[in-house]
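Here the structure is laid out as structure tokens; the discussion comes afterwards.
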Amino acid sequence: MQSESGRLVGETSSREESMKSTEPVNILVVDDMPEKIMAIEATLGELGQNIVKATSGREALRCLLKDDFAVILLDVNMPEMDGFETAALIRERRRSEHTPIIFVTAFNDEVQMAKGYSLGAVDFISTPLDPDVLRTKVGVFVELFQKTETIRQQAAHRVQLAREQAARQVAEKAMRRSAMLAEASRLLSRSLDFDATLTSLYRTMVPALADGCQLVLYDTNMELWFSHVQHEEPSTTRATTSSHARIEQVDPKLAATVRDAVKSGHAQAIDPEAVSNAPDLGPRKKWSSAIVAPLIARDTSLGAIVCCLLGSRRQFEPADLALIENLASRAATALDNAQLFQTIREGERRKDEFLAMLGHELRNPLAAITNAGELTRLLDPQDASFNESLEIIRQQASLMKRLVDDLLDVSRITSGRVQLQKEPVDAAEIVKRVAESNDVLFSSRGHKLHMNVPGKGLLLEADPYRLEQILSNLLVNSAKYTDPNGEIWFSAAREEDSVVFRVRDSGIGIGPDLLPNVFDLFAQANRSLHRAEGGLGIGLTIVRGLTELHGGRVWVTSEGFGRGAEFVVALPAAAQPANVPHVELLGGPVAPALRRRVLVVEDQPALAHVTVALLRKLGHEVRAASDGPEALLAVREYSPEVVLLDIGLPGMDGYEVARCLRTEFGDAAPVLVAMTGYSQHEVNRHARRAEFDHHLVKPADISVLKELLMQAK
């Protein structure tokens, strides 16, 4: 600071010295006689000033329009416009109203002098002129003009200097703010860990801009909670903790202020008393000033940061608000990135756990099938264990099919590729059907199912297959997490404009940490590979996806561990009663099957062999073909009534074979049944194509296949 002051003093001194040696000033001589002007010019030559000559009053006025003059020597007696008239006009002009005027006259009577002084004259000089008197009087006004000009210039320089200093201070503050923002950006972006980001945020704010700060974040229900701001770097040796976890709910007064700031999108000053309950701001501290700055990233509000100052006279200035608002915006982006990273990392972790669980869940039935198959080779068909082994194979194969179907369903739901086939559905029939289909599960675990079945006529527009899937998944989920001999309540009722299905259990309940994410993909309360519940943790994700596709919503409540849980599905009720088609349960009584000629077209030898053997055991006449050309030849020679045609044949696929058969045989073509191993989605996508009469997904349900063969033309 001393060197800066010395430099400024030196600049001022040099400027003042330069102003002492100013350029010559202007002296205006006005007279209609050129010889008198020349005499005056010669007399004043010793003063070294700039003599400007005018031979009339009008010419003098023109000169005054262009330049400033230290003094005017004005002849009184001039034609057209005399000296007094000229002086009056000079005084009317702002630029020359204070310019000294010395009248030059040969007549020195009191009347003229009085008139001259009334017009602003400073003196009278009589002719003939006394050179010394003329130089002395003019020199006084020249010196006065020079001093006045020097003072004016000094004042102007000082004003300019003050402006430069103020501008320099502003620039320095701007540079400091820019440096602070750059450093804050570096600190906030150096880590994707939420705790480390919070620590950087605190170090940026305190003590550079505030004496204390408190983070306020929204939870998933858009409620505001105080969250801890780390003062120190989080330990690198420990696992990432949730320092941004909720520690205390924000009181209504501060919450309202925060919401106002978030709505406006700008930092706002608030009453310091409003932060008295903030954990990180110390309830005993007397804050003199407080502001709240919103944390907004990607047009989404994360919450806000509250900053406070101590000291009775300290207040946040407008520049501070702008800077904190800028920092809050950068902090919001950093926090949002950290949350996204944690979400991705958590998703990767859950995916890895899911893949491990998938291997576990698929290997269990696979091992049972493998061992049971080996056992049947060693047993006599008359042995009771032989049929038990076959039943184990059937049950475990059914379980594997259900697991694969769930995987395909969740993939289609999350990618938006599910098409609903809605129709009027009676809620009572659905409830009964779902309960009956899961009766074996409840019996095996000793569960008591309490049902509240609505009366007839409780209608809704829904896909009956998908609605059964929703409710069945909820029942299976409750059974999984309810101890043996527990209780499950299953009901449906009309509530306002919705049909509401409720599944409540007396099971293990849901903890508060899992409750908000229970419908997320791969979420399970217990992820250990040896847990007894089984499943892939995707059933509830399917429930949510299918419910939302129906235009409904699903939610869960639980009072905590050991206190059970209740899942609720609300779907729009049908506006008008309608005739509900009655759907027979699969597996019910079926009329004796007719003997059919069947052609099985399958390129997998093992599957073809088993399918042919099964159909023959059911009493049908069966032949097999392994590819498209062989299938066309077999149809011509064998004339089957039904063709079970694999879609994924080598070379000539199933659709091309079907088109050839339609072209060749027309209405006389056999019943064409597409057998695909891809997914139900592929079946739905091709269902309207005219090549096939029916589409089935491998492995086809035997009861469905029986009914199809019975109904074939």
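The values are calculated or read from the model by the stated rules, or taken from the named source; none is laboratory data. From a predicted model like this one, the values you see are computed outputs, not experimental measurements. Backbone-built Cβ (ideal geometry, glycine too); neighbour counts: all protein chains shown.
Here's a check for you: in region 303-355, which residue that is of a type in the set (S, T, N, Q) and over 18 Å from Q214 (Cα atoms) is farthest from the chain's Cα centre (by Cα)? Working first, answer last.
Step one: list which residues in region 303-355 are of a type in the set (S, T, N, Q), which gives 312, 315, 326, 329, 333, 337, 339, 342-343.
Okay, now just the ones that are also over 18 Å from Q214 (Cα atoms), so 312, 337, 339, 342-343.
On the way: S312: 39, N337: 10, Q339: 11, Q342: 15, T343: 14 Å.
Here the residue is S312.
If Q214 passes every condition in (1) outside any helix (DSSP H, G or I); (2) assigned by TED's automatic domain parsing to the domain that holds I40; (3) among the polar types (S, T, N, Q) but one, which one does it miss?
The single condition Q214 does not satisfy is (2).
If you go through region 182-211, how many residues are surrounded by fewer than 19 Cβ atoms within 10 Å (Cβ to Cβ), outside the structural domain of S312 (by TED's automatic domain parsing) and within 26 Å of G311 (Cβ to Cβ)?
1
For region 543-575, enumerate the residues that are at positive phi and modelled with pLDDT of 90 or more.
Keep residues of region 543-575 that are at positive phi, which gives 551, 560, 562, 564.
Scanning region 543-575 gives G551, G564.
Could you count how many residues in region 477-503 are of a type in the set (D, E, K, R) and over 36 Å from the mean Cα position of the chain (by Cα)? So that I can check it myself, show each step before the final result.
Looking only at region 477-503, we keep the residues that are of a type in the set (D, E, K, R), and these are 480, 483, 487, 494-497, 502.
If we keep only those that are over 36 Å from the mean Cα position of the chain (by Cα) as well, we get 480, 483, 487, 494.
Selection size over region 477-503: 4.
I'm trying to understand the selection: among the residues of region 182-202, which are part of a helix (DSSP H, G or I), charged (D, E, K, R) and over 14 Å from R330 (Cα atoms)? Even if it seems obvious, please write down each step before you answer.
Just the residues of region 182-202 that are part of a helix (DSSP H, G or I), to begin with: 182-189, 194-202.
Okay, now just the ones that are also charged (D, E, K, R), so 183, 186, 195.
Once the filter is applied, which keeps residues that are part of a helix (DSSP H, G or I), charged (D, E, K, R) and over 14 Å from R330 (Cα atoms), region 182-202 yields only D195.
For (1) in the same structural domain as P424 (by TED's automatic domain parsing); (2) hydroxyl-bearing (S, T, Y); (3) surrounded by 15 or more Cβ atoms within 10 Å (Cβ to Cβ), each residue gets a yes or a no:
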position	(1), (2), (3)
S444	yes, yes, no
L449	yes, no, yes
K456	yes, no, no
L459	yes, no, yes
Y465	yes, yes, no
E468	yes, no, yes
L471	yes, no, yes
V476	yes, no, yes
P484	yes, no, no
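Quick one: N108 ticks every box in (1) part of a loop (DSSP other than H, G, I, E, B); (2) at pLDDT below 85; (3) out of contact with any strand residue (DSSP E or B) (no Cβ under 6 Å at 6 or more places or on another chain) bar one, so which box is it?
Evaluating N108 over (1) part of a loop (DSSP other than H, G, I, E, B); (2) at pLDDT below 85; (3) out of contact with any strand residue (DSSP E or B) (no Cβ under 6 Å at 6 or more places or on another chain) leaves (3) as the failure.
Could you check L633 against (1) free of Cβ contacts under 8 Å to residues at least 60 places away in the same chain; (2) under 54 Å from the mean Cα position of the chain (by Cα) and say which number it fails?
Of the numbered conditions (1) free of Cβ contacts under 8 Å to residues at least 60 places away in the same chain; (2) under 54 Å from the mean Cα position of the chain (by Cα), the odd one out for L633 is (2).
Would you confirm, using the coordinates I've provided, whether V250 is buried (at least 21 other Cβ atoms within 10 Å of the Cβ) and modelled with pLDDT of 65 or more?
Details: buried (at least 21 other Cβ atoms within 10 Å of the Cβ): yes; modelled with pLDDT of 65 or more: yes.
Answer is yes for this residue.
Taking the criterion of being farther than 25 Å from D520 by Cβ and either in contact (Cβ under 8 Å) with a residue 60 or more places away in the chain or touching a Cys at 6+ places or on another chain (Cβ under 8 Å) (or both), would at least one residue in region 298-305 satisfy it?
Within region 298-305, the subset farther than 25 Å from D520 by Cβ is 304-305.
Among the residues that remain, those that are also either in contact (Cβ under 8 Å) with a residue 60 or more places away in the chain or touching a Cys at 6+ places or on another chain (Cβ under 8 Å) (or both) are: 304-305.
Scanning region 298-305 turns up at least one residue that is farther than 25 Å from D520 by Cβ and either in contact (Cβ under 8 Å) with a residue 60 or more places away in the chain or touching a Cys at 6+ places or on another chain (Cβ under 8 Å) (or both).
In region 448-476, what residues are among the aliphatic types (A, V, I, L, M) and under 35 Å from the mean Cα position of the chain (by Cα)? If you could, list the steps in order and put the result at the bottom.
First pass over region 448-476, keeping only residues among the aliphatic types (A, V, I, L, M): 449, 451, 453, 458-460, 462, 467, 470-471, 474-476.
The answer is A462, L467, I470, L471, L474.
Just name the residue that is modelled with the lowest pLDDT out of those in region 508-542 that are in contact with a Phe, Trp or Tyr (Cβ under 9 Å, 6 or more places away or on another chain) and over 26 Å from M400 (Cβ atoms).
Result: G511.
Yes or no, residue by residue, for (1) assigned by TED's automatic domain parsing to the domain that holds I51; (2) not in a helix (DSSP H, G or I):
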residue	(1), (2)
R95	yes, no
F103	yes, yes
M113	yes, no
I125	yes, yes
P128	yes, yes
V133	yes, no
Q146	yes, no
E149	yes, no
R168	no, no
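If I go through region 254-292 residue by residue, how many of them are modelled with pLDDT under 85 and basic (K, R)?
So the answer is 3.
If you go through region 160-181, how many residues are polar (S, T, N, Q) and either farther than 27 Å from R330 by Cβ or exposed (fewer than 10 other Cβ atoms within 10 Å of the Cβ) (or both)?
Going through region 160-181, the residues polar (S, T, N, Q) turn out to be 160, 165, 169, 178.
Still in the list and also either farther than 27 Å from R330 by Cβ or exposed (fewer than 10 other Cβ atoms within 10 Å of the Cβ) (or both): 160, 165.
The total comes to 2.
What is the residue count in region 47-93 for residues that are under 17 Å from L134 (Cβ atoms), free of Cβ contacts under 8 Å to residues at least 60 places away in the same chain and assigned to a helix (DSSP H, G or I)?
Count: 1.
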